[in-house]
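Right, one structure below, let's go through it.
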Amino acid sequence: MRRIDQKERGATSGGGLYPRPLAVTSDVAADAGAAQPARTFPDIVIRSMTHLRGPNVWTYRPVIEAVVDIGALEDFPSNTLPGFYERLTAWLPGLIEHRCSVGRRGGFLMRLRDGTWPGHIMEHVALELQTQAGMKTGFGKARMTQEPGVYKVVIRTRDEVVGRLALESARDLIMAAINDRPYDLAPVMAKLSDLVDRRCLGPSTACIVDAAAERSIPALRLNEGNLVQLGQGAAQRRIWTAETDRTSAIAEGISRDKDLTKQLLGAAGVPVPAGETVETADEAWEAAESIGLPVVVKPSDGNHARGVSLNLKTEQEVRDAFVAAEKEGSEVIVERFIPGHEHRLLVVGGKVVAATRGEITRVSGDGKSSITELVRTQVNTDPRRGEEEQFPLDVVRMDDAVVLLELTRQGLTPDSVLQRGQSAVVQRTGNMANDVTHQVHPDNAELMGMAARVVGLDIAGIDLVVEDISKPMIAQGGAIVEVNAGPGLLMHLKPAVGRAQPVGDAIVNHLFPPGQSGRIPIVGLLGAGESSLAARLIASMLQLHGWQTALACRDGLFLGPRQLSKADARRYEDGERMLINRTVQAAVLETTPRQILTEGLPYDRCQVGVVMGLSAAGLEDLYVTEADTLPNVVRTQVDVVLSDGAAVLDADDAEVAALAEYSDGDLVFYALSPDNEVVVAHRAGKGRAVLARGDSIMLAKGADETPLINLSAAIFGSITSEPPHDVRPQVLAAVAAAWSLGVSPDLIRAALLRFGEAPHNLAVH
C-alpha cells in the first residue's frame with residue numbers, strides 16, 4: 001500500500017488533525033512544573049469509544065477511537081508530575097520497547113521524560129496492556145481536538161471488547177501513577193488475557209489469516225469462533241481452523257472412524273497396522289492375543305493422543321489400557337505395535353508441507369522429589385505446554401489413566417521418589433516437538449499424499465510410526481496409524497527443535513493458487529450530497545456486463561434486479577452483508593464521511609474509489625468542523641484503491657482533484673468542461689478522463705476522444721424525478737467508474753439507455 005507511511009506510522013503521537021507540540025522544551029515551563037506542589041487530579045474522562053471495523057481516517061485496520069478529556073492535566077505534562085515516570089515504568093517495564101515517533105527502542109520513554117500528555121501516554125499504555133495479554137498490536141495515535149484538553153486516542157485492536165477494556169484499564173493505571181495510588185495490575189492482566197484467549201482467533205486459524213494478509217487476501221471473521229471467510233463474494237473460500245470449504249463431510253467422517261480409515265488405506269496398498277475394534281476388556285485381550293504382542297490400545301475417535309497406550313506386553317496392561325481408552329472415545333481399537341518414532345506429517349493439497357517427530361517425556365530423579373513434583377518442575381514448566389489452544393503441547397496430568405499405566409508398568413506411582421541419576425517415562429505419545437520436514441523421504445511423502453487422497457481430505461494430519469523418516473517407510477516396516485481432519489498447526493509453528501514451517505502460506509496457496517486474490521470488483525463511492533444516482537447507474541452497468549452485482553446505497557440494498565431493502569444501506573453491516581454473499585460477483589458500495597468516521601469502510605481495498613465532493617456539514621459532533629480536516633477523512637476512499645485499480649475524481653472540485661496524490665492505482669478524472677485545467681494536464685500525460693463536450697459524453701485517453709452518448713436526448717429526462725436536476729456529474733462519474741473496470745463503451749451506452757427507459761423504482765434492472 002503506497003502511502004501507508006502517512007496513514008499508519010506505528011505507535012506514534014503528535015501532529016494530526018490539530019497539531020501541537022507534545023514535549024515541554026521550555027526551561028520556564030519545566031521549572032514551573034517542578035515547583036508545583038503535590039496535588040490530586042480528577043480522573044481522565046472517557047467520553048466515548050468507537051469501534052472502527054474497517055479502513056478509516058487513522059489506518060487500514062480496525063481500531064478503537066476514544067474521545068478523552070484530560071481536564072486539568074492539560075497543564076501538567078508528564079515531566080511535571082513527581083514520581084510518575086518511575087511508577088509507570090515499574091508497572092509496565094515493557095514500555096521500553098515502544099519506539100514512538102523517535103523511531104528507536106526506548107523512544108516513548110524519552111518522550112515521557114521530556115514531557116508528554118496523558119492522551120499520548122494512554123495510547124501507549126493500552127497497547128502495552130494488549131501486548132502483555134497476548135494480543136500484539138503496534139499501531140496507535142493520540143490527537144488533540146479543537147476543544148482544549150480533549151483528545152482522540154486511537155489503538156489498533158483485534159477484538160473490540162479487549163480494546164475497550166485495555167483503554168479503560170490504561171486510564172485507571174495512569175491515574176494511579178499520577179496520584180501515587182496503589183494499583184494491582186495482576187487481576188487486570190488476568191482478565192485481559194482471559195478475554196484474548198476466549199475471543200481472539202486461535203493460533204492455527206490466525207496463522208492462515210496472517211498468511212492471507214501477506215498476499216493481500218481479505219479476511220472476515222464469521223462467528224466468535226474460528227470460522228473465517230477469506231476473500232469476497234463469489235471469489236471467497238472459508239476455513240474453520242485447519243478445515244476448509246473443500247473438506248468434505250464424508251472425508252471428515254471417515255477420518256474419525258479409525259477402523260474404517262485403516263480399511264480404506266489398506267485396500268489402497270498403504271501400510272497400516274493390523275487391528276480390531278473391541279467393546280470390552282476381555283475382547284481387548286483376545287484381540288491382543290490374536291494380533292500378537294506387543295500391541296497398542298487407543299480410542300477410535302480420540303485426539304491429541306489422549307487415551308493411547310503403546311507397547312503393551314501383558315494382559316493386565318491391555319485391560320488397564322482399555323479402561324483408559326474407553327474414557328476418551330466411543331469405541332476402542334487394539335492394533336499391532338509398530339516400533340519406531342511417532343511422526344506427524346501435514347499434507348495440504350496432496351503434498352507434505354511439514355513434519356514433526358515426537359519425543360518421549362521423561363523425568364530425572366533428584367533423590368527427594370516425587371514423580372508428581374518432578375513432572376511439575378521438569379515437564380509442565382515447559383513454555384510449550386499449557387491448557388489453552390495456543391500451546392503446542394498439553395500439560396501432563398498425573399490423574400491421566402495412560403500416565404498412571406505407564407508408571408505402573410515401571411513399578412512406580414506418582415508418589416515414587418526417583419534416586420539421583422534415575423529416570424522414568426511418564427508419557428510416550430502426543431509430544432510432537434522436533435521439526436523434520438526436510439528429512440522426509442520422497443517415497444514417504446508420496447505415500448502421505450496418497451493416504452490423504454484415499455480418505456478424501458484436502459488438509460490432513462497423518463500420524464505414522466517409523467524408525468527413520470529419511471528412509472522409505474515400507475522397507476522399515478513403518479505404518480500409518482491415523483489420518484486426522486482439521487489437524488492442529490501449532491507443532492509446526494512452534495517446534496522445540498528445528499525451524500518453524502510456513503504452514504499458513506501452504507494452506508492459503510492451496511485455496512488461492514497464484515494469480516487468485518479472492519477479490520471481486522468493488523466500487524466504493526463517496527459524495528457530498530446526491531451520489532446514490534451514480535451508484536445505481538454503476539450497478540446497472542456492471543450487471544449488464546455480466547456480473548451479479550450487489551448495490552448498497554442511500555436508496556436501499558439491491559442484489560441484481562432485486563431490491564432487498566428500501567432503508568438507507570450506507571452502513572458497514574450492509575456492505576459486509578453483500579460481501580459475505582457467495583453469489584455476488586461485483587459490488588457497488590456507497591458511503592459518507594460520517595460512516596468513515598464512525599464505522600470505517602466495509603472492505604479493506606477496492607478496485608475503484610469514486611469521490612464526488614466534500615462537505616463537512618453535520619460532522620461537528622465528530623470534531624470535523626474545519627475545512628482542512630475534511631480531506632483527511634475523505635482521502636480514505638482514495639487510500640483504499642488497489643494498485644491495479646483506479647481513483648475516479650471530480651476535476652471540477654479542486655479539493656477533490658487534489659486527492660489524486662493518495663491513489664495507489666490509476667486516475668480517471670471527470671469534468672463538465674473539456675478545458676478543465678486538471679483534465680488538460682492529466683490528458684497531456686496520456687491519462688484518462690470522462691468529460692462533457694456540448695451535450696455529448698466523451699471518453700478521453702490522452703489526445704484521443706471517443707463519443708459515448710448524447711445527453712440531450714429526451715430519455716435522460718426520466719432518469720430521476722428528484723434533485724439534482726442536472727444529472728450530468730452523476731452520469732459522468734458512473735461512466736468513469738465502469739470504464740475503469742473494463743466495461744465496454746457499447747455496454748455503458750446500453751446501460752444508460754436502459755436505465756433511462758426503466759421506471760424509477762426499477763432503475764437498477
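The values are calculated or read from the model by the stated rules, or taken from the named source; none is laboratory data. Only a predicted model underlies this, so the values are computations on that prediction, with no experimental measurement involved. Note: ideal-geometry Cβ built from the backbone for every residue, glycine included; neighbour counts use all protein chains shown.
Of note:
- Those residues of segment 442-457 which are touching a residue at least 24 places away in the same chain (Cβ under 8 Å) and surrounded by fewer than 22 Cβ atoms within 10 Å (Cβ to Cβ), in sequence order: Asp443, Ala445, Gly449, Met450, Arg453, Val454, Gly456
- Within segment 687-704, the set of residues being exposed (fewer than 14 other Cβ atoms within 10 Å of the Cβ) and either in a loop (DSSP other than H, G, I, E, B) or of a type in the set (S, T, N, Q) (or both) comprises Gly694, Asp695, Gly702, Ala703.
- In the set (1) closer than 26 Å to Val638 by Cβ; (2) within 32 Å of the chain's Cα centre (by Cα); (3) surrounded by fewer than 18 Cβ atoms within 10 Å (Cβ to Cβ), Glu97 fails one condition alone, (1).
One line per residue, one yes/no per condition, for (1) at pLDDT 90 or above; (2) over 32 Å from the mean Cα position of the chain (by Cα); (3) farther than 23 Å from Val465 by Cα; (4) not basic (Lys, Arg):
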position: Asp399; (1), (2), (3), (4): no, yes, yes, yes
position: Val402; (1), (2), (3), (4): no, yes, no, yes
position: Thr408; (1), (2), (3), (4): no, yes, yes, yes
position: Gln422; (1), (2), (3), (4): yes, yes, yes, yes
position: Gln427; (1), (2), (3), (4): no, yes, no, yes
position: Asn434; (1), (2), (3), (4): yes, no, no, yes
position: His438; (1), (2), (3), (4): yes, no, no, yes
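- Considering Ser193, Ser216, Ser204, the condition of being polar (S, T, N, Q) and assigned by TED's automatic domain parsing to the domain that holds Thr137 is satisfied by Ser193 alone.
- Every pair of residues 6+ apart whose Cβ atoms lie under 7 Å, when the first sits in segment 280-303 and is touching a residue at least 24 places away in the same chain (Cβ under 8 Å) while the second is aromatic (Phe, Trp, Tyr): Ala281/Phe322; Ala284/Phe322; Pro294/Phe337; Val295/Phe337; Val296/Phe337; Val297/Phe322
- In segment 630-651, the condition of being within 19 Å of Ala738 (Cα to Cα), touching a residue at least 24 places away in the same chain (Cβ under 8 Å), assigned by TED's automatic domain parsing to the domain that holds Ala534 and assigned to a loop (DSSP other than H, G, I, E, B) is met by at least one residue.
- Evaluating Val161 against the criteria (1) under 25 Å from Ser48 (Cα atoms); (2) of a type in the set (A, V, I, L, M); (3) without any contact (Cβ under 8 Å) to a residue 60 or more places away in the chain; (4) surrounded by 18 or more Cβ atoms within 10 Å (Cβ to Cβ) leaves one unmet condition, (4).
- Complete set of residues in segment 319-344 that are hydrophobic (A, V, I, L, M, F, W, C) and either within 37 Å of the chain's Cα centre (by Cα) or outside any helix (DSSP H, G or I) (or both): Val332, Ile333, Val334, Phe337, Ile338
- Here segment 598-637 is the region considered, the condition is being at pLDDT 90 or above and of a type in the set (Gly, Ala, Ser), and the residue that is surrounded by the most Cβ atoms within 10 Å (Cβ to Cβ) is Gly609.
- Unmet criterion (only one of (1) part of a strand (DSSP E or B); (2) buried (at least 16 other Cβ atoms within 10 Å of the Cβ); (3) touching a Ser or Thr at 6+ places or on another chain (Cβ under 6 Å)) for Pro707: (2)
- Which listed residue is surrounded by 16 or more Cβ atoms within 10 Å (Cβ to Cβ), under 22 Å from Val497 (Cα atoms) and aliphatic (A, V, I, L, M), from Val348, Val375: Val375
- Matching residues, segment 500-557, being surrounded by 22 or more Cβ atoms within 10 Å (Cβ to Cβ), polar (S, T, N, Q) and in a helix (DSSP H, G or I): Ser532, Ser540, Gln543
- Only one of Val679, Val648, Val690 that is touching a strand residue (DSSP E or B) at 6+ places or on another chain (Cβ under 9 Å) and closer than 30 Å to Ile217 by Cα: Val648
- Boolean, Asp666 is over 21 Å from Ala736 (Cβ atoms) and of a type in the set (Asp, Glu): no
- Residue in segment 136-152 that is over 26 Å from the mean Cα position of the chain (by Cα), within 20 Å of Asn79 (Cα to Cα) and in a helix (DSSP H, G or I) present: no
Okay, residues lined up against (1) surrounded by 16 or more Cβ atoms within 10 Å (Cβ to Cβ); (2) touching a helix residue (DSSP H, G or I) at 6+ places or on another chain (Cβ under 9 Å):
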residue: Pro218; (1), (2): yes, yes
residue: Leu222; (1), (2): no, yes
residue: Thr244; (1), (2): yes, yes
residue: Ala249; (1), (2): no, no
residue: Ile254; (1), (2): yes, yes
residue: Val270; (1), (2): yes, yes
residue: Gly275; (1), (2): yes, yes
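- Qualifying positions in segment 232-291 - touching a Pro at 6+ places or on another chain (Cβ under 9 Å), among the hydrophobic types (A, V, I, L, M, F, W, C) and assigned to a helix (DSSP H, G or I): Leu265, Ala288, Ile291
- Neighbours by Cβ (under 6 Å, 6+ apart or cross-chain): first from segment 95-110, assigned by TED's automatic domain parsing to the domain that holds Leu127; second part of a loop (DSSP other than H, G, I, E, B): Ile96/Gly106; Cys100/Thr12; Ser101/Thr12; Ser101/Gly14; Gly107/Arg99; Phe108/His98
- Qualifying residue in segment 416-423 (condition: over 28 Å from Asp257 (Cα atoms) and among the hydrophobic types (A, V, I, L, M, F, W, C)): yes
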